[in-house]
Amino acid sequence: MTADAPTAARLLARARDLIDPADAALLLAHALDRPRSWLFAHADDVLGEVDAARFDELLARRAAGEPVAYLTGSRGFWTLDLAVSPATLVPRPETELLVELALARLPADAPVRVADLGTGTGAIALALASERPRAQVVATDASPEALEVARGNAVRNRIGNVAFRLGSWLQPLEGEGFDLIASNPPYIADGDPHLSQGDLRFEPAMALSCGLDGLDAIRIIVRDAPACLQPGGWLLLEHGWDQGDAVRALLVEAGFVDVATARDLEHRDRITLGRRS
Ligand code: GLN
């Protein structure tokens, strides 16, 4: 083997200066169409030039900021493998906390009705539906492209108890009564400098930012949710670390009870929930 023949070990070592090593391993496995574990068992195998070139291209795009999930086309969420496209937000691990809090409020053996607003890849709706096969879940999104990705993810994960509806927030749900409504809406303030940094630059603006204080979508959801909730039904909303006070105040003002905020693993306010009285 020549001293510069491409091997997994050499390509990963070279990538280390440019991108996160865990991202590099995901991208190399993707370029080779192998599981990540293969890389470590075959670290010194000489790779083909075409595979090495494919990896170099992914590496350059990642170094320029493109999210890994857009480069590989998928992301793990909960127990699911979700297709991801630039029309959808990349599902975040923080959102699994919302799934846990929702499951704690959904009996396992009842035909409960659940809605996920602004479903994106379908992450929340599909995770809840997979854990509660008797539930009827409705997922809404205002983006037809995102809804197509979510629909494909239901098929990909063999989940049959989710219906997908095109429309903004609760508008496609008029006249229905749900036991639980969940949403991870956009909540970053318009013009926030983070929007022009890192992975966020590549994600859909309509999934990220919403109004001067970032709360426009949450205001609409809190206003319209009571009409679509059964008495005692739960509303759960993901939001920014500094929005807990504001979101609790909105829920209390709208007549919700048992209003509380849960913190993520970094001890930051993350999910606010309340129950229709
Ligand atoms: N519900 C999706 C998720 O949590 C999309 C959220 C969004 O686009 N704001 O990943």
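The values are calculated or read from the model by the stated rules, or taken from the named source; none is laboratory data. Everything numeric in this text was worked out from a predicted model, so none of it was measured. Here Cβ is always computed from backbone atoms with ideal geometry, including for glycine, and neighbour counts include all displayed protein chains. Just so you know, the surface numbers come from the protein's heavy atoms only, side chains and all, with ligands and any DNA or RNA stripped out. Shrake-Rupley method; radii C 1.70, N 1.55, O 1.52, S 1.80 Å.
Restricting to the stretch 200-215, what's the tally of residues that are within 13 Å of the ligand (Cβ to nearest atom) and either over 19 Å from the mean Cα position of the chain (by Cα) or more than 20 Å from Leu251 (Cβ to Cβ) (or both)?
Looking only at that region, the number is 8.
Would you pick out the residues in the stretch 75-104 that are closer than 16 Å to Arg156 by Cα and either more than 10 Å from the ligand (Cβ to nearest atom) or open to solvent by 30 Å² or more (accessible area, probe 1.4 Å) (or both)?
Arg75, Gly76, Trp78, Thr79, Leu80, Asp81, Ala83, Ser85
Results for (1) farther than 22 Å from Arg201 by Cα; (2) open to solvent by 20 Å² or more (accessible area, probe 1.4 Å); (3) acidic (Asp, Glu); (4) within 24 Å of the chain's Cα centre (by Cα), shown as yes or no for each residue.
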| position | (1), (2), (3), (4) |
| --- | --- |
| Asp4 | yes, yes, yes, no |
| Arg14 | yes, yes, no, no |
| Leu27 | no, no, no, yes |
| Ser37 | yes, yes, no, no |
| Asp44 | yes, yes, yes, no |
| Glu49 | yes, yes, yes, no |
| Ala52 | yes, no, no, no |
| Asp56 | no, yes, yes, no |
| Arg61 | no, yes, no, yes |
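What is the residue count in the stretch 125-153 for residues that are more than 13 Å from Ala207 (Cβ to Cβ) and open to solvent by less than 10 Å² (accessible area, probe 1.4 Å)? Reasoning before the result, please.
Our first condition is that a residue be more than 13 Å from Ala207 (Cβ to Cβ); within the stretch 125-153, this holds for 125-140, 144, 148, 151-153.
Imposing the further condition that a residue be open to solvent by less than 10 Å² (accessible area, probe 1.4 Å) reduces the set to 125-129, 135, 137-140, 153.
Number of matching residues: 11.
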